[in-house]
Amino acid sequence: MEEDVRPEVQVMERYGYERSYLISILHEVQKEYQYLPEQALRNVAAGMGISLVDIYGVATFFKAFSLKPKGKHSIVLCMGTACHVRNSRGLLEEARRFLGIEPGDTTDDLLFSLDTVNCLGACALGPIAVIDGEYHGQMTPAKMERLLKKLAKEEGVRK
Amino acid sequence: MKGSLSSPKDLNEYRKSIQSTKKKFEKVISVCGGTGCHAQNCVQVREEISRELDERLLSDKVMVKFTGCHGFCEMGPLVVIHPAGILYVKVSPSDAQRIIESSVVGDSVIDELLYKDVATGKNFEKEQDVPFYSKQKRLLLAMNGMIDPQNIEDYIAQEGYSALVKALFEMSPEEIIKEVEIAGLRGRGGAGFPTANKWKACRRARARDNIKYILCNADEGDPGAYMDRSLLEGNPHAVIEGMIIGAYAIGATEGFVYVRHEYPLAVENLLKALEQARQLGLLGDNILGSGFSFDIKVSVGGGAFVCGESTALMASIEGRIGEPRVKHIHTAEKGLYNRPTNLNNVETWANVPIIIREGAEAYARIGTEKSRGTKIFSLVGKVRNTGLVEVPMGITLREIIFDIGGGMANGKAFKAVQTGGPSGGCIPESMLDTPVDFERLTEVGSMMGSGGMIVMDESTCMVDIARYFVDFLCEESCGKCVPCREGLKQMRFILDDIVSGRATGKQLELLKELAEVVRDTSLCGLGQTAPNPVLSTIKYFEDEYHEHIEEKRCRAGVCRDLIEYQIDADKCTGCLRCKAQCPVGAVLGEKEKPHHIDLSKCEKCGICYEVCEFGAVLRK
Ligand SMILES: Cc1cc2nc3c(=O)[nH]c(=O)nc-3n(C[C@H](O)[C@H](O)[C@H](O)COP(=O)(O)O)c2cc1C
Ligand code: FES
């Protein structure tokens with residue numbers, strides 16, 4: 001018998017197909033694909049014996065999951081209270097203007113995704129931007145613009 | 001690490017052997033590895049320090065410890081040298097060499113790296129003397145600076161798991177609950193419900209198949225709060241030990257920790273800690289030979305605020321959509337998988353081993369009549385010393401903000417402090433002498449909440465803050481009940497009108513009325529408390545609402561539709577800086593001549609205001 005090497009199957013096996021780990025399973029599947037492709041969700045539904053509707057419900061209820069592909073660079077901005085009082089909205093406006101997309105979206109060239117989160121637990125250093133996994137504290141709109149320009153330049157795109 | 005320990009005696013011997021190995025080290029360098037310091041490059045600081053020690057062949061005499069959060073995040077990366085307790089702040093990797101030279105090999109102190117009090121200009125040498133720490137009472141957090149969270153031996157060396165031994169071998173479940181009752185422990189997750197009462201109800205509940213659960217709420221949804229993160233990350237065994245004791249008292253067989261996914265380091269440290277506890281026989285079957293068995297699983301969240309609510313949290317662990325249900329039947333009887341379940345917050349659990357180890361009476365001496373013990377707050381926003389502070393209950397807000405927090409940053413005037421997260425309220429200057437206590441904070445229109453304490457100054461707009469929270473809760477409402485789903489949306493419309501200068505006086509009345517309806521008729525705590533930020537800002541800062549509505553003015557300069565940027569020609573030197581940085585080309589002018597702003601192009605991003613070094617850009 002041929003071994004099934006699809007990532008979602010391996011993930012489900014690691015978690016023993018236990019439903020109480022569904023969210024963790026979806027997180028790991030998302031890590032593999034950068035998003036949750038429809039086929040992967042179908043496979044998880046079949047593997048776990050849960051209806052696709054239920055899986056879809058969970059995958060759309062929780063903000064951490066995306067059913068759309070994500071860009072190469074991820075721009076995540078904290079919109080928590082501590083960051084808000086230190087002008088995180090200014091960062092968001094800047095990123096939105098620069099990239100021309102709304103939070104949750106990805107640029108058409110699949111280079112940048114813009115997302116917001118409620119709090120990263122690094123509130124003392126707010127406002128926080130996480131760019132490709134790296135934390136930047138005490139951000140300002142001008143710093144945001146500089147960082148984005150640098151990334152765009154590296155990718156050879158004019159913004 | 002050792003194999004399984006099968007009795008308290010084994011554990012004691014193990015502890016002694018760890019302690020004697022540790023005595024070999026003459027000095028210990030504790031490098032803060034909390035999330036705040038991680039964002040400021042502490043990993044490299046640690047690597048450089050270790051490398052320097054290796055080069056000097058000091059690794060057997062000096063131990064480097066990568067610990068959890070020390071709390072003073074504003075000043076990170078933090079390095080503390082024990083036993084002297086010297087604190088160095090804002091350490092960079094290139095400081096490693098001189099730190100080892102002066103303070104490890106030698107016994108001198110590097111003045112430049114010490115914490116300096118801005119107000120008095122005074123340097124502080126020792127961690128314990130720095131005002132930020134000296135006014136705190138670090139019952140739970142102290143250990144964060146002493147242990148490597150990925151090494152159970154550190155926790156055991158600090159008398160870790162001795163409370164568990166006491167509970168399992170010297171106390172009956174009823175005695176444990178009694179002890180927690182005498183200590184007066186109340187839930188740290190927000191509502192302050194007496195922990196012992198909850199435990200009693202769950203202990204009493206009949207389980208059809210002998211399975212009961214206990215859960216740990218590490219969803220920490222309050223945006224702007226990170227106490228639970230730091231506890232789980234920095235001292236996971238304290239939470240685990242508390243849960244095992246609680247499980248024994250309640251008669252639970254299985255536990256879950258529900259952690260938000262935004263906290264990957266907390267999940268990692270927790271999983272490692274659970275594995276190590278299992279290997280040592282402190283978790284799993286027949287714990288320390290007591291005959292009691294219990295294990296803990298970790299469940300990761302998916303980024304939904306409402307999942308901090310007990311029934312939504314349980315649905316989420318079951319792998320379902322995280323919607324709350326009406327609690328006709330208490331979760332103590334029918335909770336997770338319809339079995340008796342007890343849920344407590346991270347900080348609540350972490351208090352349990354202390355109460356058992358130190359005794360309820362000693363614990364109850366801290367705090368006020370109805371609020372005992374300490375509370376951890378995340379002191380953030382516009383205050384000078386941001387970070388995590390643990391204080392005895394009963395301390396005033398003023399002491400926290402001005403003595404520990406060092407007052408306001410940037411010399412601005414204090415306006416309000418927000419506690420209780422999206423369920424809480426804003427407290428004005430005139431109420432700053434309110435003691436921190438569950439009842440008193442509720443009386444002033446806010447609440448203790450889980451511990452977010454966001455300080456606001458004159459540049460914070462209170463209407464904008466109200467709108468911020470309503471916006472947040474609108475997004476986070478699960479949509480199951482109408483008052484919360486629709487009511488909040490309508491409240492948001494009104495607030496949008498107010499901040500953009502379109503509102504009329506009547507709308508303020510409507511806003512209040514709506515707020516009351518949402519409060520009184522929503523299904524779960526989210527909706528029931530959602531109007532608090534609006535009602536409290538109207539109560540204390542109604543003037544600001546009127547200014548927005550009648551004068552179309554935002555005194556804090558926050559609401560974009562009501563402000564304008566201008567250049568003061570007298571101050572402008574014509575340096576071209578703002579012109580070069582304006583992303584929309586709205587700044588006009590030539591070198592060395594005063595610039596001006598084309599208001600028809602200006603998008604009010606404020607970059608010119610930020611980059612001008614001469615204070616020539618005005619916000620009106
Ligand atoms: C909308 C909502 C969100 C909540 N979020 C949290 C949270 O993030 N963390 C927490 O410990 N409690 C939260 N709670 C409170 C919990 O429902 C519960 O009361 C608490 O975890 C019980 O633990 P305690 O008695 O130890 O405080 C929330 C409640 C509501 C209504
Ligand atoms: S509010 Fe932004 S990290 Fe907490």
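The values are calculated or read from the model by the stated rules, or taken from the named source; none is laboratory data. Bear in mind that the values here come from a model prediction, so they are computed numbers and not experimental data. So basically every Cβ, Gly included, is an ideal-geometry build from the backbone, and we count neighbours across all protein chains shown.
Hey, among the residues in the range B:562-616 that are farther than 12 Å from A:A142 by Cα and within 12 Å of chain A (Cβ to nearest Cβ), which one's farthest from the chain's Cα centre (by Cα)?
B:V584
Could you say which residue among B:G406, B:G411 is out of contact with any Lys or Arg (no Cβ under 7 Å at 6 or more places or on another chain), surrounded by fewer than 23 Cβ atoms within 10 Å (Cβ to Cβ), of a type outside the set (D, E, K, R) and over 14 Å from B:F377 (Cβ atoms)?
B:G411
So for the range B:272-279 (the condition being within 19 Å of the chain's Cα centre (by Cα) and without any contact (Cβ under 8 Å) to a residue 40 or more places away in the chain), does at least one residue qualify?
no
Just checking, how many residues over the range B:208-242 are of a type outside the set (V, I, T), part of a loop (DSSP other than H, G, I, E, B) and either more than 10 Å from chain A (Cβ to nearest Cβ) or more than 12 Å from ligand 2 (Cβ to nearest atom) (or both)?
Looking only at that region, the number is 6.
Does A:F112 qualify as being hydrophobic (A, V, I, L, M, F, W, C) and facing another protein chain (nearest Cβ under 10 Å)?
So A:F112 does not fit the description; no.
Select from the range B:243-289 the residues that are in a loop (DSSP other than H, G, I, E, B) and either closer than 18 Å to B:R203 by Cβ or touching a Lys or Arg at 6+ places or on another chain (Cβ under 7 Å) (or both) and list them in ascending order.
Once the filter is applied, which keeps residues that are in a loop (DSSP other than H, G, I, E, B) and either closer than 18 Å to B:R203 by Cβ or touching a Lys or Arg at 6+ places or on another chain (Cβ under 7 Å) (or both), the range B:243-289 yields B:G251, B:A252, B:T253, B:Y263, B:L280.
I'd like the full set of residues that are assigned to a loop (DSSP other than H, G, I, E, B) and crowded, with 24+ Cβ neighbours inside 10 Å, limited to the range B:146-170.
Correct list: B:I147, B:P149, B:G160, B:Y161.
Determine if the range B:293-308 includes at least one residue that is away from ligand 1 (no atom under 13 Å from the Cβ), away from chain A (no Cβ under 14 Å) and either touching a residue at least 40 places away in the same chain (Cβ under 8 Å) or touching a strand residue (DSSP E or B) at 6+ places or on another chain (Cβ under 6 Å) (or both).
yes
Please find, within the range B:316-343, the residue that is farthest from the other protein chains (Cβ to nearest Cβ) out of those that are part of a helix (DSSP H, G or I) and surrounded by 21 or more Cβ atoms within 10 Å (Cβ to Cβ).
In this case the residue turns out to be B:L336.
If B:E475 meets every condition in (1) in contact (Cβ under 8 Å) with a residue 12 or more places away in the chain; (2) within 11 Å of chain A (Cβ to nearest Cβ); (3) surrounded by fewer than 22 Cβ atoms within 10 Å (Cβ to Cβ) apart from one, which number is that one?
Looking at each condition in turn, B:E475 falls short on (1).
B:V259 versus (1) crowded, with 23+ Cβ neighbours inside 10 Å; (2) aliphatic (A, V, I, L, M); (3) more than 19 Å from the chain's Cα centre (by Cα): which is the lone unmet condition?
B:V259 satisfies all of (1) crowded, with 23+ Cβ neighbours inside 10 Å; (2) aliphatic (A, V, I, L, M); (3) more than 19 Å from the chain's Cα centre (by Cα) except (3).
Mind listing whichever residues of the range B:397-425 are within 13 Å of another protein chain (Cβ to nearest Cβ) and of a type in the set (D, E, K, R)?
B:K412, B:K415
Give me the residue from the range B:302-350 that is closer than 27 Å to B:V180 by Cα and of a type in the set (D, E, K, R) and, out of that set, modelled with the lowest pLDDT.
Filtering the range B:302-350 for residues that are closer than 27 Å to B:V180 by Cα and of a type in the set (D, E, K, R), the one modelled with the lowest pLDDT comes out as B:K327.
Residues being of a type in the set (A, V, I, L, M) and in contact with a helix residue (DSSP H, G or I) (Cβ under 6 Å, 6 or more places away or on another chain): count how many of those fall in the range A:33-52.
So the count comes out to 6.
Could you identify the single residue in A:E145, A:E93, A:E134, A:E154 that is within 10 Å of another protein chain (Cβ to nearest Cβ) and surrounded by fewer than 17 Cβ atoms within 10 Å (Cβ to Cβ)?
None of the other options fit; the residue is A:E134.
Return a yes/no flag: does the range B:373-386 have any residue that is within 14 Å of chain A (Cβ to nearest Cβ), polar (S, T, N, Q), assigned to a helix (DSSP H, G or I) and crowded, with 21+ Cβ neighbours inside 10 Å.
For the range B:373-386, residues within 14 Å of chain A (Cβ to nearest Cβ), polar (S, T, N, Q), assigned to a helix (DSSP H, G or I) and crowded, with 21+ Cβ neighbours inside 10 Å: absent.
If I filter the range A:6-37 down to residues being under 17 Å from the mean Cα position of the chain (by Cα) and more than 13 Å from every other protein chain (Cβ to nearest Cβ), which single residue comes out as modelled with the lowest pLDDT?
Restricting to residues being under 17 Å from the mean Cα position of the chain (by Cα) and more than 13 Å from every other protein chain (Cβ to nearest Cβ), the top hit is A:Q34.
Please count how many residues of the range A:57-104 are more than 26 Å from B:G479 (Cα to Cα), more than 12 Å from ligand 2 (Cβ to nearest atom) and charged (D, E, K, R).
6
Please indicate, with yes or no, whether at least one residue in the range B:488-497 is within 30 Å of B:G373 (Cβ to Cβ) and surrounded by fewer than 22 Cβ atoms within 10 Å (Cβ to Cβ).
no
To keep it simple, each residue is scored yes or no on (1) within 16 Å of ligand 2 (Cβ to nearest atom); (2) at pLDDT below 95; (3) touching an Asp or Glu at 6+ places or on another chain (Cβ under 8 Å).
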residue: B:I355; (1), (2), (3): no, no, yes
residue: B:Y363; (1), (2), (3): no, no, no
residue: B:I366; (1), (2), (3): no, no, no
residue: B:I395; (1), (2), (3): no, no, no
residue: B:G411; (1), (2), (3): no, yes, no
residue: B:K415; (1), (2), (3): no, no, yes
residue: B:Q418; (1), (2), (3): yes, no, no
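Name every residue in the range B:42-98 that is among the hydroxyl-bearing types (S, T, Y) and either in a loop (DSSP other than H, G, I, E, B) or closer than 18 Å to B:G234 by Cα (or both), in order of residue number.
B:S59, B:T67, B:S92
Report the residue count in the range A:60-72 for those that are among the small types (G, A, S) and more than 9 Å from chain B (Cβ to nearest Cβ).
Adding up the residues that qualify gives 2.
What is the one condition in (1) within 16 Å of ligand 2 (Cβ to nearest atom); (2) over 30 Å from B:C481 (Cα atoms) that B:H261 does not satisfy?
(2)
With (1) under 27 Å from B:N217 (Cβ atoms); (2) more than 16 Å from ligand 1 (Cβ to nearest atom); (3) not in a helix (DSSP H, G or I) as the list, and B:S459 as the residue in question, which single condition is left unmet?
(1)
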